[in-house]
Amino acid sequence: MPDHVIDFSSPLKFAYWVPNVSGGLVVSTIEQRTNWEFDYNKELARIAENSGFEYALTQTRYAASYGADKQHEATSFSLALLGATERLKVIAAVHPGMWHPGVLAKFIITADHLSQGRAAVNIVSGWLKDEFVNFGLDWLDHDERYVRTGEFIDVLRGLWTEQGYSQRGKYYTINDFTLNPAPVSVGSRPHPEIFFGGNSTAAQAVAGRAADWYFSNGRDLEGFKDNIAGVLASARTQRAALAPPRFGLNGFVISRETEKEAQETLREIIAKAHRPAVEGFAAAVKEAGQSTKDGKGMWEDSSFEDLVQYNDGFRSKLIGTPEQIAERIIEYKKIGVNLFLTGYLHFQEELAAFGREVLPIVRELEAELARKNGTELNTELLPTATLAKASR
């Protein structure tokens, strides 16, 4: 496997959390102008692809959690968003154990054809025990969930790239199986992209061996450096000829005219936190963070304030003026981040504002950073984005 080299010439990619869950992305009674239903999300997706975003990630949850009482299923919602857009790539989050990988592989191939090659998946090993147990499904301990996940990803890639694919594993056995048609041929992409996340050593090992993208909850610079190092160490020993995975980071964006205003908004979000819901979520994820042998699971060191944004989005500190946020984003690019997964209080307005006010500064700083490192920013890789089309 080639050594990991930070790619200064390729522009950063940007994604957003699809709010297909009621209540917004912070567990707080602060006003959140967002909506979990399809008409709102259809318009949001169109705004996003015309504002410089390349990806949307549809959340998966079956039992109500973190203060929400309604949520749409991720794969069907993703398919609908693909049908409503022209360029946006939509990532559907799925749980091994809830799906058979062969069935999912077939579903994604169909979605890929219907969208001309824009379907992707985010494999979530699962931490909410009640969802599995109350469905009558086996609940595996932490590291075993990642063994199953690794086999699950192997099946997806095998069925998407090979004829007569076979695999014998602990959790999945495939016998000489072919899926036709194959996924859409798009550029150099060998198959629909496979995203995967988790902070634990077991998660980093799976990501390094099998995933195209490694997603992380919000982390500070030093914390994410550690994650990157763990994934790359796994990739060097287990990945053979595949290119190393790329890296995505979650961040909740609070962009305001002044830093004071942005910080006041953060303080208000936390002051108005729905304490019972946050504490209930904290209790549920405590096992996920502490059930690993080395104590490095997700949320293992998350504070109450961190968990008000349930994927630790405040920890990435995309909070301040557009200039401050852009500068912070560039600091993450310097350590190897390739993609930011963003969330907002008021999705349609603030996502459009991010594209209008933050992204142009990011691109200027990226071009400067590329020149300092002896290359040029490849502007041909920038997504097509015309804000004037956002309201069509």
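The values are calculated or read from the model by the stated rules, or taken from the named source; none is laboratory data. If you're wondering where the values come from, they're calculated on a predicted model, not measured in any experiment. Note that we place each Cβ from the backbone using ideal geometry, even for glycine, and neighbour counts take in every protein chain shown.
Summary of computed values
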| quantity | calculated |
| --- | --- |
| Arg33 surrounded by fewer than 20 Cβ atoms within 10 Å (Cβ to Cβ), touching a His at 6+ places or on another chain (Cβ under 7 Å) and modelled with pLDDT of 95 or more | yes |
| Meets criteria (part of a helix (DSSP H, G or I), surrounded by fewer than 21 Cβ atoms within 10 Å (Cβ to Cβ) and either modelled with pLDDT of 95 or more or touching an Asp or Glu at 6+ places or on another chain (Cβ under 7 Å) (or both)) for Glu268 | yes |
| Residue list for segment 109-128, filter: under 17 Å from the mean Cα position of the chain (by Cα), within 18 Å of Asp212 (Cβ to Cβ) and of a type outside the set (Gly, Ala, Ser) | Arg118, Val121, Asn122, Ile123, Val124 |
| Qualifying positions in segment 220-239 - within 18 Å of the chain's Cα centre (by Cα) and at pLDDT below 90 | Gly223 |
| Residue tally, condition farther than 22 Å from Gln238 by Cβ, surrounded by fewer than 21 Cβ atoms within 10 Å (Cβ to Cβ) and touching a helix residue (DSSP H, G or I) at 6+ places or on another chain (Cβ under 8 Å), over segment 179-196 | 4 |
| Residue that is buried (at least 19 other Cβ atoms within 10 Å of the Cβ) and out of contact with any His (no Cβ under 8 Å at 6 or more places or on another chain), where the choices are Ala105, Ala84, Ala80 | Ala105 |
| Inter-residue pairs, beta-carbon under 7 Å, first more than 24 Å from Trp127 (Cα to Cα) and in contact (Cβ under 8 Å) with a residue 40 or more places away in the chain and in segment 217-234, second assigned to a helix (DSSP H, G or I) and of a type in the set (Asp, Glu), 6+ apart | Leu221/Glu331 |
| Meets criteria (assigned to a helix (DSSP H, G or I), modelled with pLDDT of 95 or more, touching a Lys or Arg at 6+ places or on another chain (Cβ under 9 Å) and over 21 Å from Ile30 (Cβ atoms)) for Leu359 | no |
| Unmet requirement for Gly297, which otherwise passes all of (1) at pLDDT 70 or above; (2) of a type in the set (Gly, Ala, Ser); (3) surrounded by 21 or more Cβ atoms within 10 Å (Cβ to Cβ) | (1) |
| Flag if Gly208 is within 29 Å of Glu331 (Cβ to Cβ) and modelled with pLDDT under 95 | yes |
| Residue in segment 197-245 that is surrounded by the most Cβ atoms within 10 Å (Cβ to Cβ), counting only those that are under 28 Å from Leu114 (Cβ atoms) and in contact with a Pro (Cβ under 8 Å, 6 or more places away or on another chain) | Tyr214 |
| Boolean, Ala210 is under 18 Å from the mean Cα position of the chain (by Cα) and not hydroxyl-bearing (Ser, Thr, Tyr) | yes |
| Every pair of residues 6+ apart whose Cβ atoms lie under 7 Å, when the first sits in segment 304-332 and is at positive phi while the second is of a type in the set (D, E, K, R) | Asp312/Asp306; Lys317/Arg328; Gly320/Glu259 |
| Verdict on Glu368 being modelled with pLDDT of 95 or more, surrounded by fewer than 18 Cβ atoms within 10 Å (Cβ to Cβ) and within 23 Å of the chain's Cα centre (by Cα) | no |
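Here is a yes/no grid of residues against (1) at pLDDT below 95; (2) surrounded by 20 or more Cβ atoms within 10 Å (Cβ to Cβ):
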position	(1), (2)
Val121	no, yes
Asn134	yes, no
Leu137	yes, no
Glu151	no, yes
Leu156	no, yes
Leu159	no, yes
Gln163	no, no
Tyr172	no, no
Asp176	no, no
